[in-house]
Amino acid sequence: MKQTPHLIHRYLRSSKRFPHVWCPGCGIGILLGALVRAIDEGGYSKDDIMLVSGIGCSGRLPVYLDFNTLHTTHGRALTFATGIKLAKPHLKVIVVMGDGDASSIGGNHLIHAARRNIDITTIIVNNQIYGMTGGQASPTTPFGLTTASSPYGHLEHPFDISKLVEAAGAVFVARSTVYHTKALDGLIGRALKKKGFSVVEVMSPCVTHFGKMTGMSSPVDMMRWQKDNAVPFEKAREMSTEELQNKIVTGVLVDIEKPTFHEEHARIWREVK
Amino acid sequence: MSTQTTPERVLLQGSEACVRGALAAGCRFYAGYPITPATEIMELMSRMLPKAGGVFIQMEDEIASLGATIGASLGGMKAMTATSGPGFSLMQEHISFAAMAEVPCVIVNVMRGGPSTGLPTRPMQGDVMQARWGAHGDHPMLVVAPSSAYEFFDLTVKAFNLAERYRSPVIVLADEIVAHTRESVVLPPMEEIEIEDRPRPTVPPEWYSPYRDPGTGIPPMAAFGEGYRFHVTGLMHDINGYPTERQDETQELMMRLFNKISKDFHLLQWYDSYYDEGAEITVIAYGSVARSALKAVKMARDKGLPVSLVKLKMLWPFMRRTVMRYLESSRKVIVPEMNMGQLSREVKRVNQGKCEVLTLNKIDGEMITPSEILAKVEEALA
């Protein structure tokens, strides 16, 4: 952590007007730090990082960072990222999306990017709510929760995003919380090194909305909730469904090998020439 | 792909001519989703692009297709997609993004019968207004309309040139008849085809502001991944591409988006005229209907009737000054269309009582025939 000033000067845009848009207690800033540390640790050139986002609180992340940055439309970040990766294969393409962004409006793009195994690292910031629009239920909102759009309790059941992308074919899937920062740095680093479609699901506190609706009114409450409820995948395998209720299962869920879209396309190039 | 040095006569379907035009213009990226009657364009691209060193990808839907197209263009490639009505509706969100972020791209819409799933294998011209106004927010649009296989080739080349020159999405609005008709086409030698490329930055990366007006209204465009690290967003932005809500910066960006095209209205009068001499009646037509109209006007002239034809090859921005001339010189103007009157609304708007504007509308999924237009001409002269 003592390198923080160095990382700030090296990776944050000095030309971008601050303050940032996020609420006090938001987890996205911690994720931003983890992403910067993972990129620095990986030794990538700033010119070779392509950071793409969708719409929502997480959509505002790229603009603060001194990389190639693109803020796209709601749910569609992966489609733009796909075009960029194919046009400039040398770029390390990273997509940041929220839970609503990635699994509701962008759900179709998410599963198809995973199926296609396009060489992109996707970070899904899951705060279990639509934060920017004022606390409406998202596809990961727990069953029964009262939100701005479910005043009588949420009638629907949540997605498990990590399992969803595993089923869709992602070659690397991991989950962490922003509380477990050291682990998060490492998981993002591993995802960046992985060839193919890699996903890191990051559980992130939204104190302003999710906290208010679940009785966790301070950032400390939410951090404590993450700390107390995180269970590693290895341990979770030995636990019953009841025991896993309301737990956050963390660690590496998938790490397999598969040819990427770009490798296959390059093969076609060689064959038809 | 065409590398010939002398004119080449070939039998081409409209869709095939479009693909040849795109490749000649330098298109090296195509993302699409199958849809009748535009699927042939995608299938040909899937075969021809890899041979040309380009990239073809079939996406999960039309929203994704245009998203990937815009991404590839930001990565420095000339890129396009093609679709028909239902897919074109899905693309509107990203057409708006491309207009705001000023990303060159070409979208081909082969119009079919609508609304909704409508008549997938039959022609209509129901998307003329959608092409102009379908995408949200206020911004100019560039829309060209071919009436033959040759024009599908030529206007696809020119659509890429417009996209690159103005850093704008450009729509090629074809129809089912134009896309599916197979006809003899004379393709020009490659070196005679004029190709334009987007303005590139000449300053070093540390001096680069991606949206600074160099005086032409069109900022030089760097590609991602070439050392110019910059930000692109669909939010209102300042000259660095960073989000802004400032009134002065909003006003400046919006006016630049409009002015970069309106300053060139005089260069964007793309039309062909036939039998102008002594015409009392002018037929204004576009797309496949212009083919029937030309035949009708020839038949009328054979009968000694004073009729001319103006075939519009650019629909948007609407060619006010060209159309105005014909409204002033004619007694009556006839606008035949395979819709209930979309372009005729523009003609009437420009007309301001100068002459009588008659419409001929057909929405039964069949083309308008020369004899139907001739009958309207005779009725107008009676």
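Things to note:
- The set of residues in segment A:112-125 that are part of a strand (DSSP E or B) and within 11 Å of chain B (Cβ to nearest Cβ) is empty.
- Test result for A:Pro62, surrounded by fewer than 18 Cβ atoms within 10 Å (Cβ to Cβ) and on the phi < 0 side of the Ramachandran plot: no
- Single condition A:Ala87 does not satisfy, out of (1) within 8 Å of chain B (Cβ to nearest Cβ); (2) more than 20 Å from B:Ala101 (Cα to Cα); (3) of a type in the set (A, V, I, L, M): (2)
- Residue identified as polar (S, T, N, Q) and either outside the structural domain of B:Thr83 (by TED's automatic domain parsing) or out of contact with any helix residue (DSSP H, G or I) (no Cβ under 8 Å at 6 or more places or on another chain) (or both) among B:Ser209, B:Ser168, B:Ser148: B:Ser209
The rows are residues; the columns are (1) of a type in the set (Ser, Thr, Tyr); (2) at pLDDT 95 or above; (3) in contact with a strand residue (DSSP E or B) (Cβ under 6 Å, 6 or more places away or on another chain).
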| position | (1), (2), (3) |
| --- | --- |
| B:Val289 | no, yes, yes |
| B:Ala296 | no, yes, no |
| B:Ala300 | no, yes, yes |
| B:Lys303 | no, yes, no |
| B:Lys311 | no, yes, yes |
| B:Trp316 | no, yes, yes |
| B:Arg325 | no, yes, no |
| B:Ser329 | yes, yes, no |
| B:Val335 | no, yes, yes |
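- The residue list B:Ser96, B:Ser15, B:Ser65 contains one member that is outside the structural domain of B:Leu315 (by TED's automatic domain parsing), modelled with pLDDT of 95 or more, under 23 Å from B:Val232 (Cα atoms) and surrounded by 23 or more Cβ atoms within 10 Å (Cβ to Cβ), which is B:Ser65.
- Restricting segment A:19-36 to residues that are touching a residue at least 40 places away in the same chain (Cβ under 8 Å) and part of a loop (DSSP other than H, G, I, E, B), the residue that is nearest to the other protein chains (Cβ to nearest Cβ): A:His20
- Segment B:61-88 - residue that is touching a helix residue (DSSP H, G or I) at 6+ places or on another chain (Cβ under 7 Å) and among the polar types (S, T, N, Q) and, of those, nearest to the other protein chains (Cβ to nearest Cβ): B:Thr69
- Helices (runs of 4 or more DSSP H) enclosed by segment B:308-382 - at least 1 residues per element that are without any contact (Cβ under 8 Å) to a residue 40 or more places away in the chain and under 25 Å from B:Gln130 (Cβ atoms): B:320-329, B:343-351
- In segment B:184-204, the residues that are in contact (Cβ under 8 Å) with a residue 12 or more places away in the chain reach residues that are surrounded by fewer than 17 Cβ atoms within 10 Å (Cβ to Cβ) and of a type in the set (Ser, Thr, Tyr) with C-beta atoms within less than 8 angstrom, at least six apart or across chains, in these pairs: B:Leu187/B:Ser2; B:Pro189/B:Thr5; B:Pro189/B:Thr6; B:Met190/B:Ser2; B:Met190/B:Thr3; B:Met190/B:Thr5; B:Glu191/B:Thr5; B:Pro199/B:Thr216.
- Selection status of B:Ser148, at pLDDT 95 or above and on the phi > 0 side of the Ramachandran plot: no
- Of residues in segment B:302-325 being within 14 Å of the chain's Cα centre (by Cα) and farther than 12 Å from B:Ser273 by Cβ, the one surrounded by the most Cβ atoms within 10 Å (Cβ to Cβ): B:Leu315
- Residue-level check: of (1) surrounded by 19 or more Cβ atoms within 10 Å (Cβ to Cβ); (2) charged (D, E, K, R); (3) out of contact with any Ser or Thr (no Cβ under 7 Å at 6 or more places or on another chain), B:Arg349 misses just (1).
The values are calculated or read from the model by the stated rules, or taken from the named source; none is laboratory data. All of these numbers come straight from a predicted model, not from anything done at the bench. No Cβ is skipped: glycine too gets one built from the backbone with ideal geometry, and neighbour counts run over all protein chains shown.
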